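The values are calculated or read from the model by the stated rules, or taken from the named source; none is laboratory data. Just so it is clear, the structure is predicted and the values come from calculations on it, not from any experiment. Cβ: placed from backbone, ideal geometry, glycine included. Neighbour counts: every protein chain shown. The protein model used for the area step is the full one, side chains on, heavy atoms only, and it has no ligands, DNA or RNA in it. Shrake-Rupley method; radii C 1.70, N 1.55, O 1.52, S 1.80 Å.
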Amino acid sequence: MKIITLGGLDGIGKNMAVFEYDNAMIVVDAGLMFPDDDHPGVDLILPDYTYLLEHAQQLRGIVISHGHEDHTGALPYLLKDLDLPELPIYGSKLTLGLIEGKLAEHHIKNPPFVEVVAGQSIGIGDFELEFFNVNHSIPAALGVFIQTPAGNVLHTGDFKLDQTPIDGVTTDFAAITRFADEGVDLLLSDSTNAINKQFTASEAEVGKVLYSIIKNAPKRVIVAAFSSHIHRIQQVCDAAIAAGRKIAVTGRSMLTNTEIAQKLGYLDIAPGSLIDAYDAKDIPAADIVILCTGSQGEPLSALARMAAGEHRTVPIEDGDTVIISASPVPGNEKAVTRVVNALSKIGAEVYDKERALVHVSGHAGPEELKLMMVLAKPKGFMPIHGETRHLRAHAKLAEDVGIPRSQIYVLENGDCLNLAQGKLSRGEPVDSGIVYVDGLSVGDISQVVLKDRQTLASDGIVTIVCQIRSRDGRPVGKPEIIMRGVSGNDDNELLEDLINIVEKTATSLAKEQRLNSSQLKRALRERVSSVLWERSRRRPMVIPLILEV
């Protein structure tokens, strides 16, 4: 069996693993990652799944461990590219419900869903898959035990070991120990919190703090959380109702996921407690809780629009209480800080995880990760789901519990592990990488385009418009220079100097030889760029436009 990880080993997100045996393949998860400041204009980042497209006829099914976007978000793009309308998608009821809404946005109708539950075994060719409960920050999360004649692999998915979960569903220790008795040749385990120093706190502890803040808030309470964090949404609703407040929901994804979770029975809100956001203005401020998106500082999210005074139904006022019930995803820290500062300027009281226990992680800490390894007793180990520092820390934990270093594999996306007769070895890597989604464009953005965008954002742009005579290449009239986002663009002296340089460069080159427009563009770009660097220590993008008359 080949185990190939196409995503999830270079950051938090775009998780995707391929399992290949006897000319058949299954995929576990198909996630995305959100861009940071290094990706201007990019909407989403997907794993490069070219390997799947090249071997599409071998693909027998896609298994989704849970409903978070870093495990489901690439699915619409993958399905459209594969064009295999009968390819089954396996997942729990809630996971499939959330995926169905996402696929509908991409006009993918009637996908071949196969609902699975913990304890169920299914056969896909020579693959035998058994699903088991894991506790996470979303209900109905599943791990999977994959058996083939070549050996057995245990894939935990995202998990923690919360013994007082909101829905009463704990990670299934009994199933894991049973898999250990059957033999786990390779354990793939979540590494997100491997560098933390303590156990992950229980979700139940957050509920107590939320209730205290909501109960004592003098005016409105606005809670921003991940729309897929159904357990947290339940906690907020329970706290609001216990404090005698109504609940209003705003933000497209929050509205959608709340509706799906209620419909499928994963979210229990007392009748009459949930009201329309448009009606919230008619409720006394001390009697309302607003549940919204925007915990990551997204510019168009509900919370960001409230902070900017641009939300249609919920204006933030002096004395309101805002709870940011999430941790910033790496790269989003600055965006979150901007929103917090804007809220504070209005006069809102802001609570985040640094001030109060309003958020706990959905991922296992080091001691829990060790316990997973002790229970599973794997012969080999491969950390997944994390940045390199997380994977390395998790590998060190594996050594600590006695797994031989030779059987611990810290891989990169595209690397391959071979499992044969219960023994592991490295295989030939496959092509891997990332794919950018930019509006309606998927995969058309190159590093050159991103570099240009970064240059425009940091240094600006200079446009040179120069007319030359077609018969001899000499300049005609005075060149025009337009500068945008360039330091000194209101400096008339600099502008005149650049115009003179363009005239002299064009005239001098025309005397020396008969130039074509491409040669003149190159010369003007180099000369103007050099002068701007000398004057400002900046290298804006220089675009010469040569018009022959």
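Apply 1/(1 + (r/R0)^6) to the Cβ-Cβ distance of Arg525 and Lys345, taking R0 = 45 Å, and write down the FRET efficiency to the nearest 0.05.
Step by step, r from the Cβ atoms, then E = 0.55.
What is the antiparallel percent of DSSP beta bridges lying wholly in region 27-148, to the nearest 5?
60
Net charge around Gly347, counting only other residues with Cβ within less than 9 Å of its Cβ (Lys, Arg = +1; Asp, Glu = -1)?
-3
Can you tell me which aspartates and glutamates have their Cα less than 13 Å from the Cα of Lys379? Leave out same-chain residues fewer than eight positions away.
Straight-line reach from Lys379, under 13 Å: Asp181, Glu182, Asp185, Glu399.
Can you send over the carbon and sulfur percentage of the accessible area for the chain, probe radius 1.4 Å, protein chains only?
Carbon and sulfur together cover 48 percent of it.
Determine, from the Cβ-Cβ distance of Ala180 and Asn216 and an R0 of 56 Å, the FRET efficiency 1/(1 + (r/R0)^6), rounded to the nearest 0.05.
0.70
Need one number: nm distance between label points at Thr170 and Arg484, each 7 Å from Cα along Cα→Cβ, rounded to one decimal.
6.1
Stretched out fully, how many nm does the piece from Arg355 to Trp533 gain, at 0.36 nm a residue minus the Cα gap?
Additional length available on full extension: 59.6 nm.
Between Glu367 and Glu259, with labels modelled 7 Å along Cα→Cβ, what's the label distance in nm to one decimal, could you check?
Label-label distance for Glu367 and Glu259, simple model: 4.4 nm.
Distance in nm between label sites at Ile499 and Asp81, each 7 Å beyond Cα in the beta-carbon direction?
Going from the Ile499 label point to the Asp81 one covers 5.0 nm.
I need the calculated FRET efficiency for the pair Ala420 and Glu399, taking r as the beta carbon distance and R₀ as 35 Å, to the nearest 0.05.
Given R0 = 35 Å and the Cβ-Cβ separation, E is 0.90.
Helix 230-242 versus the longest principal axis of the chain: what angle, 0 to 90°, nearest 10, using Cα atoms?
80
Per DSSP helix of 4 or more residues, -39500 (n - 2.57); summed, then divided by the residues of the chain. What does that give at 222 nm, rounded to the nearest 500?
Counting only the DSSP helices, I get -10000 deg cm²/dmol.
Over 23 Å between Cα atoms, which of Lys219/Lys263; Lys160/Lys370; Lys109/Lys263; Lys14/Lys263 qualify?
Lys219/Lys263; Lys14/Lys263, as the Cα separations exceed 23 Å there.
How far, in nm, would the chain grow between Leu300 and Asn23 when pulled straight, counting 0.36 nm per residue and subtracting the alpha carbon separation?
Roughly 95.2 nm would be gained on extension.
For the chain, give me the percentage of DSSP beta bridges that are antiparallel, rounded to the nearest 5 percent.
Rounded to the nearest five, the antiparallel share is 50 percent.
Find the accessible area per residue for the chain; the probe is 1.4 Å, ligands and nucleic acids are left out, and the unit is Å².
Dividing the accessible area of the chain by its residue count gives 44 Å².
If you filter region 70-136 for GluC sites (Glu not before Pro), then keep DSSP loop positions with at most 11 other Cβ within 10 Å, what is left?
Taking region 70-136 and a limit of 11 other Cβ atoms within 10 Å, the loop GluC sites (Glu not before Pro) found are Glu86.
Relative to the first principal axis of the alpha-carbon coordinates of the chain, what is the inclination of helix 492-512, with its axis defined by its Cα atoms, in degrees from 0 to 90 and to the nearest 10?
70
Against the longest principal axis of the chain, how steep is helix 173-182, in degrees 0 to 90 to the nearest 10, with axes from Cα atoms?
Approximately 90 degrees, to the nearest 10.
For region 164-240, which trypsin sites (Lys or Arg not before Pro) are both in a DSSP coil and crowded by at most 14 other Cβ atoms within 10 Å?
Answer by residue number: Lys197.
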